[in-house]
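Okay, so here's the structure we're looking at.
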Amino acid sequence: MSSQTSAAVISSAFTAAPYPDSKKPIGSIRFQPLPLSPSYCKVSSRICAMAKPNDSETLSLSVDTSLSPRVKSLKPSKTMVITDLASTLVQSGVPVIRLAAGEPDFDTPQIVAEAGINAIRDGFTRYSLNAGITELREAICRKLEEENGLSYAPDQILVSNGAKQSLLQAVLAVCSPGDEVIIPAPYWVSYTEQARLADATPVIIPTKISDNFLLDPKDLESKLTEKSRLLILCSPSNPTGSVYPKSLLEEIARIVAKHPKLMVLSDEIYEHIIYAPATHTSFASLPNMYERTLTVNGFSKAFAMTGWRLGYLAGPKHIVAACSKLQGQVSSGASSIAQKAGVAALGLGKAGGETVAEMVKAYRERRDFLVKNFREMEGVKISEPQGAFYLFIDFSAYYGSEAEGFGLIKDSSSLALYFLDKFQVAMVPGDAFGDDTCIRISYATSLDVLRAAVVKIKKALEPLRATVSV
């Protein structure tokens, strides 16, 4: 693919309209509608003809194919857009360095993969219980007791097709139209859209890089109203890698306790990817928080099982039952094969045992390399992540610069496009996460790839310095 062609592909992914009547961008990335095939149009015409009251009438009936306002209002996931775009460019021969996807570069541990293979060979390939196989839910209960100090029964556990489904079902189960969902920013891209799907209102509370992107309890208290229904916390955090210390969570819990209607959705999917001396605290383990906390976790990140699609929810029995009712009408139970693999993953030992510890060791080495290099770059601010595998880097000093052959760098989207178009490094603009000053880098890739990326990013910033004061 020529450089002109790749630039056109990249630009269209950032600017094409999501549907014909759309005039406003969704975020900064928009989509092109797929054209209808000739065969589809012929079939559609025949259906319209058959629908006429009689053959003598010539009035043509137009079919209403409009989308619902709820779906039209949803923003697409920029993470998925840029990841897919980078993969398309690579398949077309463009050597893109992909730092956008939040996906471990390790293979699923062999013993876990073999458990899935054995499930197939043993014929364990039929529908499972909607809530998940008993063996896995019991294993999850043991894990929560031993690692998090939380006591749950199997009927308080719901296994789903990934933690994303668990999160959405929790939001839908507890939120009513007009409720407010409190979300600290930067936030994972789907939190706000899931709140909107429930006809709830996202209330965003910005955090500061100088505070390591941690929620200030005073800011939380100032935002709570009688409409506040759900507080979403993510620790370790996507996109920042920040880890909430227990003392700060206790302060937050004391504020939550003052509001009887307020519940907490605790996203703990990165729990095991954490760098000492940081430690993980489950919000439900704090005083008086057990009954008002919905804990979501899963297997994708720590166990390198993204493609297996397996997550779970733990919480009060009646709320878990409501989520199970939703799931029964949406997807039914998770893959029986994946669930057997999940049992094996939880059998690796506390926090995933030595297998996960080796992955975390590699992530830490990569984090240290990137932190050192970005701290040396002029005009760049970072907060050293204590968990997960992301850096959320403030490049805003370069906004307002002019790039020859590209144009104005005015925000995180244009800077991310510049990095991708001119230097073939794919990263996610911070506006997708509610903070336009930053760009997210995933270091779930090899050190060699990260070294090459750093070289390209440094080279990309050099010509920008001449046009701004950094």
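Which semi-axis lengths, in whole Å and largest first, follow from the square roots of five times the eigenvalues of the Cα gyration tensor of the stretch 403-470?
Semi-axes (√(5λ), whole Å): 19, 16, 10.
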Open item on the list: On a full-extension model of 0.36 nm per residue, what is the gain between I120 and D155, subtracting their alpha-carbon distance, rounded to one decimal in nm?
Closed with: 10.0 nm
Task: Stretch gain in nm, segment E221-E404, where the contour uses 0.36 nm per residue and the Cα spacing is subtracted - done: 61.2 nm
Task: Cα pair distances of the stretch 375-437 binned at 10 Å [whole percent] - done: 21, 54, 23, 3
Open item on the list: Keeping all protein chains in place and using 1.4 angstrom, which order do I111, I204 fall into by accessible surface area, from largest down?
Closed with: I111, I204
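Once you order the gyration tensor axes a ≥ b ≥ c over the Cα atoms, which shape class does the stretch 287-356 get: rounded for a/c under 1.5, otherwise prolate or oblate by comparing a/b with b/c?
The shape class here is oblate.
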- [ ] Starting from one equal scatterer on each C-alpha and no solvent at all, send me the Debye-based log10 I(q)/I(0) for the stretch 296-451 at q = 0.12, 0.14, 0.19 Å⁻¹, two decimals.
- [x] -0.73, -0.88, -1.15
- [ ] Tally up the carbon and sulfur contribution to the accessible surface of the chain as a whole percent, 1.4 Å probe, everything protein left in place.
- [x] 53
Task: At 0.692 mPa s and 37 °C, Stokes diffusion of the stretch 114-228 via Kirkwood alpha-carbon radius, µm² per second - done: 191
Open item on the list: Using a Förster radius of 41 Å, what is the FRET efficiency between S176 and Y127 based on their Cβ-Cβ separation? Nearest 0.05, please.
Closed with: 0.85
Open item on the list: Over the Cα atoms, compute the radius of gyration (one decimal) and Dmax (the largest Cα-Cα distance, rounded to a whole number) for the stretch 151-289, in Å.
Closed with: 14.4, 42
- [ ] Could you provide, to the nearest whole Å², the per residue accessible area of the stretch 47-192 with probe 1.4 Å?
- [x] 53
TODO: Send over the semi-axes of the stretch 341-403's equivalent ellipsoid, whole angstrom and largest first, taken as the square roots of 5 times the C-alpha gyration tensor eigenvalues.
DONE: 36, 12, 8
Task: Stokes-Einstein D (µm²/s) once Rh is taken as the Kirkwood radius of the stretch 183-265 over alpha-carbon pairs, at 10 °C in 1.306 mPa s - done: 121
Open item on the list: Assuming 0.36 nm per residue, please report the length gained on full extension of the stretch E193 to K459 beyond their Cα-Cα distance.
Closed with: 92.2 nm
- [ ] Among C438, L215, P95, pick out the residue whose Cα is farthest towards the positive end of the charge dipole of the chain, where Lys and Arg carry +1 and Asp and Glu carry -1 on C-beta, about the Cα centre.
- [x] P95
Task: Unit charges on C-beta of K, R, D, E only; dipole of the chain, Debye - done: 560
TODO: Calculate the dipole size of the stretch 212-287 relative to its Cα centre from +1 charges on Lys and Arg beta carbons and -1 charges on Asp and Glu beta carbons; express the result in debye to the nearest 20.
DONE: 280
Task: Loop-located GluC sites (Glu not before Pro) in the stretch 356-462, at most 12 other Cβ atoms within 10 Å (DSSP) - done: E376, E378, E404
Task: the chain - Kirkwood radius from inverse mean 1/r over Cα pairs (Å) - done: 23.9
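The values are calculated or read from the model by the stated rules, or taken from the named source; none is laboratory data. Quick caveat, the model's predicted, so the values are computed rather than measured. Don't worry about glycine lacking a Cβ; one is built from the backbone with ideal geometry, like all the others, and counts go over all protein chains shown. In case anyone asks, the SASA skips ligands and DNA or RNA and just uses the protein heavy atoms, side chains included. Shrake-Rupley method; radii C 1.70, N 1.55, O 1.52, S 1.80 Å.
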